[in-house]
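The values are calculated or read from the model by the stated rules, or taken from the named source; none is laboratory data. Remember, predicted model here, so these are calculated numbers, not experimental data. All Cβ positions, even for glycine, are placed from backbone atoms using ideal geometry, and neighbour counts span all protein chains on display.
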């Protein structure tokens, strides 16, 4: 897409690739080193844990050479002495992927840090009732493509609670919830990742009270094809600070599979990205100083990957966007030019070259529903009455890169009635897991 203008764009790139600080939250090198006997006892505690037991991990720096695996247990609590007091380091782990892996039911892990896992920091899979509380997961050498993929990673789980956690320096998403149901992500911090928080192929998720800063993309809601769980629905994103997400995208490609590595397409400067998302409500967020766009509403076709799979649709639909605060930052914060989506925004937006946008919509619709987008067939609802100079661009991409058009009028998407994304079911969720 738009390759003919790329060489010109490259000349402006150095002006637009600044990044905010992504400092560590503390220095684990100052902690007492746990003895070999203490490390061995910790590994044994995970292996021998019984149902309804507690694994207490005293303060100290634990140099682990093996994974910690809790397999098929019920009602186990894993407790450290504090995220700045109990540190589980997997820098010397030579085999296996995750640092900590959990499978079971009604598991809580809290008050500790996980560093330098070769794969994901902590992964929970096939777990009904998983709580991550006051967990810090990071890679101590900063932002590297050799870091783990996800910091906090529940997948194929039910009743997920992530609260007061910190996730940083993942080469994909800091907090990632995939193919799961009934999720709350609250009061957490994600920084220095490619994506701060990602909800992927999930049903009924609430994401609120979080700060996503200094990532390439702040908060993502994706539905990808070819996964065991198809389209996810009903996500609410509210009362979050989504700020200064202008970090380099250091994700690496993983080949030409059905999804490739979708996060590689996210341009630095992305606040919120919806990709093939369904029934999403976004409100009362502070979406500030994200240099390319505040919110992107996109179909899966923009990735260029194959867009067919059972029980899945490539279109984003039923989106309610209202009562958010936007700030495009200073004039010197130019949109990204390193990714094709960033180039599209920079060069084809409806407000002039190299203009940061508050909201973009790729304008791709399901032609089996309507012959024109004017009837709003995908039910995109944008109501931001307090923003007097809202910078909105809808693109026309239905004929490929040879005939790209853009429009600033969002009246077809304003004359609508916002529909909360499953509010009643999420109230039930709150009473269920909080």
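Please go through the stretch 284-304 and give me each residue that is in contact (Cβ under 8 Å) with a residue 60 or more places away in the chain and in a strand (DSSP E or B), ordered by number.
Residues of the stretch 284-304 in contact (Cβ under 8 Å) with a residue 60 or more places away in the chain: 287, 290-302.
Across the stretch 284-304, the qualifying residues are 287, 293, 294, 295, 296, 297, 298.
Results for (1) under 14 Å from residue 197 (Cα atoms); (2) modelled with pLDDT under 95; (3) more than 16 Å from the chain's Cα centre (by Cα), shown as yes or no for each residue.
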residue: 250; (1), (2), (3): no, yes, no
residue: 255; (1), (2), (3): no, yes, yes
residue: 285; (1), (2), (3): no, no, no
residue: 301; (1), (2), (3): no, yes, yes
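Please list, ordered by first then second residue, the pairs with beta carbon atoms under 6 Å, 6 or more apart or interchain, first in the stretch 376-404 and without any contact (Cβ under 8 Å) to a residue 24 or more places away in the chain and at negative phi, second surrounded by 18 or more Cβ atoms within 10 Å (Cβ to Cβ) and assigned to a loop (DSSP other than H, G, I, E, B).
Going by the 6 Å Cβ cut-off, the qualifying pairs are 377/365.
Tell me the residue from 71, 51, 27 that is within 29 Å of residue 190 (Cα to Cα) and modelled with pLDDT of 95 or more, please.
Within the list 71, 51, 27, the selection yields 71.
Determine, yes or no, whether residue 389 is surrounded by fewer than 11 Cβ atoms within 10 Å (Cβ to Cβ), modelled with pLDDT of 90 or more and part of a loop (DSSP other than H, G, I, E, B).
Numbers: surrounded by fewer than 11 Cβ atoms within 10 Å (Cβ to Cβ): yes; modelled with pLDDT of 90 or more: yes; part of a loop (DSSP other than H, G, I, E, B): yes.
Yes; evaluated as a whole, the condition is true for this residue.
Need the failing condition index for residue 381 against (1) touching a helix residue (DSSP H, G or I) at 6+ places or on another chain (Cβ under 8 Å); (2) buried (at least 18 other Cβ atoms within 10 Å of the Cβ); (3) farther than 18 Å from residue 285 by Cβ, just the number.
Of (1) touching a helix residue (DSSP H, G or I) at 6+ places or on another chain (Cβ under 8 Å); (2) buried (at least 18 other Cβ atoms within 10 Å of the Cβ); (3) farther than 18 Å from residue 285 by Cβ, only one is false for residue 381: (3).
Could you list all residues from the stretch 319-336 that are closer than 21 Å to residue 411 by Cα and surrounded by fewer than 18 Cβ atoms within 10 Å (Cβ to Cβ)? Spell out how you get there, then give the answer.
Just the residues of the stretch 319-336 that are closer than 21 Å to residue 411 by Cα, to begin with: 319-326.
Selection gives 322, 323, 325.
Pick out the one residue from 329, 352, 400 that is in contact with a strand residue (DSSP E or B) (Cβ under 8 Å, 6 or more places away or on another chain), modelled with pLDDT under 95 and part of a loop (DSSP other than H, G, I, E, B).
On the way: 352 fails: in contact with a strand residue (DSSP E or B) (Cβ under 8 Å, 6 or more places away or on another chain); 400 fails: in contact with a strand residue (DSSP E or B) (Cβ under 8 Å, 6 or more places away or on another chain).
Going through 329, 352, 400 in turn, just one is in contact with a strand residue (DSSP E or B) (Cβ under 8 Å, 6 or more places away or on another chain), modelled with pLDDT under 95 and part of a loop (DSSP other than H, G, I, E, B): 329.
Filter the stretch 355-374 down to residues that are within 15 Å of residue 290 (Cβ to Cβ) and assigned to a strand (DSSP E or B), then give me how many there are.
Taking the stretch 355-374 and keeping what is within 15 Å of residue 290 (Cβ to Cβ), we get 355-360.
From the residues that got through so far, the ones that are assigned to a strand (DSSP E or B) too are 357-360.
Result for the stretch 355-374: 4.
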